[in-house]
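The values are calculated or read from the model by the stated rules, or taken from the named source; none is laboratory data. Keep in mind that what you see is a predicted model, and the values were worked out from it rather than measured. Note that we place each Cβ from the backbone using ideal geometry, even for glycine, and neighbour counts take in every protein chain shown. Quick note on the areas: whole protein, heavy atoms, side chains included, nothing else; ligands and nucleic acids left out. Shrake-Rupley method; radii C 1.70, N 1.55, O 1.52, S 1.80 Å.
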Amino acid sequence: MTGGPLDGRPVRPEDLSHSMLVAVLMANGGSLTIPVSAFEPDSTGGPDGSWHAVVLEPLGDGTVRLSVRPRPAETDEAGVRFL
């Protein structure tokens, strides 16, 4: 995969979040129906320190896995980290 938010260049968290949302929608025909409960604090994380992070893992076959993980404890704000 070349270009775009996965090429290793610095990227703002909000730009990567937007890119992920658009990519998921496009991979699902342009729209996706989800329950309203998906936006509740228990699902998205909240001020109690349970914020979530998204991991983008290239799988080597031309695909990328998006996974929700707990945000590392030492991270108290949004950010992008390439490992």
Subject >> Surface accessible to a 1.4 Å probe, GLU14 within the full protein complex, Å² >> reply: 100 Å²
**OP:** Between VAL68 and HIS18, with labels modelled 7 Å along Cα→Cβ, what's the label distance in nm to one decimal, could you check?
**Re:** 2.3 nm
**OP:** Hey, can you find the accessible area per residue of the stretch 13-70 for me, probe 1.4 Å, expressed in square angstrom?
**Re:** 76 Å²
**OP:** Please name whichever of ALA53, VAL22, VAL64 sits farthest to the positive end of the charge dipole of the stretch 13-70, dipole taken about the Cα centre and charges placed at Cβ: Lys and Arg +1, Asp and Glu -1.
**Re:** VAL64
